[in-house]
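Worksheet for the structure shown next.
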Amino acid sequence: MQRMSYAVLAIFALFAANAALSMSGQSPHAQLGQLSLSQVEITGGFWGERREQLWKTVLPYQWTQLESHHDLDNFRVLAGLKQGVHMGPVYLDSDLYKWLEAASYMSGKHPRDDLLASRVDEVTKLIGKVQMPDGYVNTYYETFAPERRWTNLVMNHELYCSGHLIEAACANHEATGKDDLFQIAEKLADHIISVFGPGKNLGVPGHEEIELALVRLYRQTGEKKYLDEAAWFINERGRYTKYPQALIKSLQDQSSMAKIVNEKRAPWMKTAPKAGSAAGYIIGGAVFDPRIPGSFFSGKYFQDDQPFVEMTVAEGHAVRAMYFFTGATDVYLETGDAKLLQASEKIWDNTITKRTYITGGMGALPMIEGFAGDYELPNRSYAETCAAIGSFFWNWRLLRATADAKYADLMEKTLYNAILPAIALDGVNYFYQNPLTSSGRDRRQPWYGTACCPPNIARLFGSLERYLYSESDEGVWVHQYISGSAEFKSKKEKVKIELESGFPFSGEVKIRLVTEKPVTTALMLRIPAWAANAEVMIAGQKVEGAKAGSYLKISREWKNGDEVRLNLPMEIVLMESPPQVKNNRGKVALMRGPLIYCLEDKDNPGINVHRAVISRSAKLEPESRPALLGGVTVLKGKTIDGKDLIAIPYYAWSNRGPSQMEIWIKAK
Ligand code: FUB
Ligand code: ZN
């Protein structure tokens with residue numbers, strides 16, 4: 001009897017979650033609807049392996065790191081379950097929340113993984129235990145100075161952490177149908193609404209994230225108050241005129257807070273395990289640049305120097321900017337406020353053409369972890385992993401808003417060349433910064449003092465199915481060629497797609513339609529910008545109209561078992577920087593299909609990879625090497641003086657010990 005009632009409850013919970021889900025796909029101003037996670041599967045192929053690794057290796061490994069870096073203990077100590085003191089910076093909770101988001105996705109896909117479910121459960125209970133009666137949650141402030149909460153929005157990260165908690169809860173609710181974490185998040189969001197807004201505290205967060213999280217919560221609850229609050233946070237930014245004073249006050253507050261924190265920690269310091277620290281902020285390769293103080297004191301670093309709708313290019317801290325633009329575009333998708341989309345598109349045009357690396361990476365100035373000037377793209381790039389992930393999120397919103405293939409193209413490029421390189425083939429070592437050249441000092445690390453990137457990769461990989469397909473009145477859309485399946489069921493005609501892909505090494509893709517009865521829905525296939533001469537065939541007949549950088553629309557009656565075959569030729573292309581990028585003059589980068597390649601010294605004994613010169617008319621050949629670096633296609637060629645040269649996919653570099661590496665190769 002008891003089992004029965006649990007089953008009924010579970011079905012009800014799933015039904016409730018799915019009802020909320022269908023709402024999440026239908027942002028009224030989106031041209032493209034979003035599928036729920038349960039509609040899409042990633043199986044087999046390149047990404048199937050990575051998802052398996054995420055589940056079996058990455059999440060358990062990251063859990064041990066969160067254990068040893070005090071992320072969990074901060075909650076246990078605050079809840080009175082353990083002796084000790086809070087360790088780590090004010091934003092440490094966010095790393096745990098990102099893990100929780102990733103773990104929730106995987107728990108939804110693997111409901112029989114009891115260990116994972118119990119960990120998700122444990123974290124949920126811990127958060128519930130420390131949540132204050134009015135809904136506030138932040139272990140740092142609650143431990144050291146609850147009376148000072150919400151008083152230092154500029155430098156501290158309470159709203160950022162809150163956003164990540166809300167996102168984790170939305171993921172958990174969607175993926176598992178459970179409600180406990182979701183209720184905690186709603187209570188927190190309600191508390192935030194009670195504190196911030198017109199006639200209340202007019203502050204906005206120094207680190208954006210809450211905006212997109214509130215829109216996500218709105219999509220899942222239908223409660224307009226969350227959307228209104230997100231829109232308010234977006235539109236209020238950049239309207240504050242006394243930035244230098246605010247920053248000085250904030251820095252003074254930080255130093256007086258540090259005294260309180262140090263005093264409380266002192267008795268524990270000898271025994272305390274290592275924890276994340278603000279030292280993680282001290283940036284590898286940082287050199288003082290006279291523009292830095294101006295960036296902080298004008299508010300530019302925080303994207304708080306002018307209203308969003310007046311911005312024309314990304315400035316300041318790159319992760320903050322990306323999350324901000326994502327949130328602003330999200331608000332457009334729900335409200336249709338055209339000025340938000342116009343600004344987002346204008347910022348995109350300038351930022352992508354002038355301030356983005358060939359990999360899709362963003363952020364050139366280490367001291368601000370952010371954007372430099374136009375065409376200022378030194379190859380000792382900062383390119384923080386989280387910035388690339390934020391860009392991926394932003395581009396998804398723009399894709400949904402416009403149905404323009406250029407956004408899906410950039411998502412593909414960013415995924416393979418700016419995000420994937422940040423996780424080692426073993427799944428347990430990570431890059432925070434992603435340089436485009438290395439003299440051998442750069443190594444992925446098992447964890448970081450500021451560990452924002454590793455669990456961010458986990459949550460993106462855990463929810464990758466979100467970004468592969470869409471549905472619209474026009475038909476079903478295939479954005480990314482990743483093996484698996486998708487069920488389209490919200491329109492009148494139900495149809496399933498099964499997709500087999502050789503990406504990222506082969507452009508052969510097979511799409512099979514599974515349907516109970518014939519359907520006439522159009523199939524919209526992205527022909528990547530790099531795929532000149534793409535061929536699309538149905539039953540041996542060529543489909544005309546495939547054009548690189550756009551969607552090919554195929555309208556016909558589909559029967560069960562119909563197959564579409566794509567041949568997206570992966571030619572090797574020698575890419576050039578815009579001439580304004582001084583450091584890349586006289587150089588080329590190698591690209592094949594979606595992948596950017598690099599030279600690593602391991603494959604090129606006797607060659608200095610930074611000095612090697614190739615001919616602009618060099619003949620390079622792809623060669624499959626199943627036993628190398630988990631199975632890759634390398635590019636083989638010769639230097640101008642006749643030495644053999646091998647290039648590997650950039651994502652696979654730095655997996656064989658310290659190495660010299662170069663993306664931009666001298667060319668004549
Ligand atoms: O501030 C929290 C995180 O630390 C940011 O997102 C990263 O860029 C790093 O600054
Ligand atoms: Zn990061």
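Find the eigenvalues of the gyration tensor of the Cα atoms of the chain, then list the square roots of 5 times those eigenvalues as equivalent ellipsoid semi-axes, largest first, in whole angstrom.
38, 32, 24
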Relative contact order computed over segment 572-667 (Cα-Cα under 8 Å; 6+ residues apart), in percent: 35 percent
Extension gain, D190 back to K636 (0.36 nm per residue minus Cα-Cα distance, nm): 154.7 nm
Separation of the R149 and E493 label points, Cα + 7 Å toward Cβ, nm: 5.3 nm
Dipole moment magnitude, nearest 20 debye, the chain about Cα centre, only Lys, Arg, Asp, Glu C-beta charged: 1100 debye
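How high is the FRET efficiency from E621 to A532, r the C-beta distance, R0 25 Å, rounded to 0.05?
Working from the Cβ atoms, E equals 0.85.
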Relative packing of 513-522, 462-471, which averages over residues the other C-beta atoms within 10 Å, highest first: 462-471, 513-522
When each of K178/K492; K354/K587; K619/K668; K587/K643; K129/K200 is checked by Cα-Cα distance, pairs over 22 Å: K178/K492; K129/K200
Exposure proxy order (Cβ contacts within 10 Å, fewest to most) of S107, S490, S27: S490, S27, S107
MRE, 222 nm, helices only [DSSP H, n ≥ 4, -39500 (n - 2.57), over the chain, to nearest 500]: -12500 deg cm²/dmol
Residue-by-residue Karplus 3J(HN,Hα) for segment 500-506, coefficients 6.51, -1.76, 1.60, Hz, glycine and proline x: 10, 9, x, 4, x, 9, 10
Fewest-first ranking of R444, R291, R592, using other Cβ atoms within 10 Å as the exposure measure: R291, R444, R592
Cα centre as origin, Lys/Arg/Asp/Glu Cβ charges: segment 572-667 dipole, Debye: 240 debye
Residue among C453, I389, V632 farthest towards the positive dipole end of the chain, charges placed on Cβ: V632
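Quick note: the coordinates plus some simple rules give every number you see, no bench work behind them. Nothing here was measured: the structure is a model prediction, and the numbers come from that model. Note that we place each Cβ from the backbone using ideal geometry, even for glycine, and neighbour counts take in every protein chain shown.
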